[in-house]
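Undergrad: The following block contains the structure, expressed as structure tokens.
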Amino acid sequence: METRFLDVSGGRIAYDDTGAGPLVICVPGMGDLRAEYRFLAPQLISAGYRVVTMDPRGEGESSVRWADYSVASVGVDLLALARSLGAGPAVVIGNSMAAGAAVCAAAEAPEQFAGLVLVGPAVRDGQPLWQARILSLLLYGPMLSGPWGVSMWIRYFTTLFPSAKPDDFDAYCQQLRATMHEPGRMAALRAMLATPKRASEERLARVTTPALIVMGSKDPDFPDATAEAKLIASRLGGTDSRVEMLAGLGHYPHAEAPDRFTPLALDFLRRVAPTQAGATHGAE
């Protein structure tokens, strides 16, 4: 897939654009690549959707050394991309911090979005803000700084797939490792980790866009993934939100078990953004 770029204030955002039909924008979590959606995207394209996968600022092929790496700033980039494509309301599939960016974008411009799929959504600070900042300073700084930082991140990344790893996992980690060794990538990751998620948490109540929350029951990023999913659903401002828990899976259910995740995503997409073929079939 050909990489395209969108120039925004402060840098440029990398993305690819494949397929035809209702627009779906897929955004990976922090410290990852847009190839995170390598299993899901072809299935959505085959189902009649136009799929755009985006590297958030500082990640993948997007530029580095931004002044701001907050979840709200990534939401601004997402909104800018959605508007630039001019393809009508989009469905956003956002993983981890990118789910928070989707929340921010949908709260600011609900007319741009037909639905949100929030996967392993890290949209809240899990502990008091002062505690989160101390933990960031004590943990993320020393662990992810210096020559061992990339290896520490890859080691942590491997723990997020508790049931099984994709067949191409070793090759994918090599690609991720090479990208994270590029100048500025680890600094961007550290900045994202240290940034509170207050912006997305405060905007939950303003989101009226239909939402699907998908979480693995063994997602190690949350003390109780089921409770977190239900809490997020209860705080969203719209009434059309649902929760799907995938037993035994971790933080990347769309890559860990695409055969279980993809039908859920397609069912939601057909409801909020039906393809022309689907709409015709439904009218018969």
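The values are calculated or read from the model by the stated rules, or taken from the named source; none is laboratory data. Everything numeric in this text was worked out from a predicted model, so none of it was measured. Glycine gets a Cβ as well: all are built from the backbone with ideal geometry, and neighbour counts include every protein chain shown.
A quick yes/no check of all residues on (1) in contact with a helix residue (DSSP H, G or I) (Cβ under 8 Å, 6 or more places away or on another chain); (2) among the polar types (S, T, N, Q); (3) closer than 26 Å to A227 by Cα; (4) in a helix (DSSP H, G or I):
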position	(1), (2), (3), (4)
S84	no, yes, no, yes
A87	no, no, no, no
V92	yes, no, yes, no
A98	yes, no, yes, yes
C104	yes, no, yes, yes
A107	yes, no, yes, yes
G115	yes, no, yes, no
L118	yes, no, yes, no
A122	yes, no, yes, no
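Undergrad: Determine whether R235 is among the charged types (D, E, K, R), closer than 19 Å to N95 by Cα and over 18 Å from the mean Cα position of the chain (by Cα). Don't jump to the end; show me each part of the working.
TA: Working: among the charged types (D, E, K, R): yes; closer than 19 Å to N95 by Cα: yes; over 18 Å from the mean Cα position of the chain (by Cα): yes.
Answer is yes for this residue.
Undergrad: Turning to a different aspect of this structure: Can you tell me which residue is nearest to P28 (Cα to Cα) among those in the stretch 164-189 that are surrounded by fewer than 16 Cβ atoms within 10 Å (Cβ to Cβ) and of a type in the set (S, T, N, Q)?
TA: In this case the residue turns out to be Q175.
Undergrad: A further question on this structure: Please work out which one of (1) out of contact with any strand residue (DSSP E or B) (no Cβ under 7 Å at 6 or more places or on another chain); (2) more than 16 Å from V207 (Cβ to Cβ); (3) part of a helix (DSSP H, G or I) is the condition A41 fails and give its number.
TA: (1)
Undergrad: Restricting attention to the stretch 71-94, which residues are modelled with pLDDT of 95 or more and of a type in the set (G, A, S)?
TA: A72, S73, G75, A80, A82, S84, A90, G94
Undergrad: Mind counting the residues in the stretch 266-277 that are touching a helix residue (DSSP H, G or I) at 6+ places or on another chain (Cβ under 8 Å) and part of a helix (DSSP H, G or I)?
TA: So the count comes out to 3.
Undergrad: Quick one: what pairs do we get from the stretch 19-46, first residue under 13 Å from L269 (Cα atoms), second among the β-branched types (V, I, T) and in a loop (DSSP other than H, G, I, E, B), C-beta under 7 Å, 6+ apart or different chains?
TA: Final answer for the pair search is G21/T275; P22/T275.
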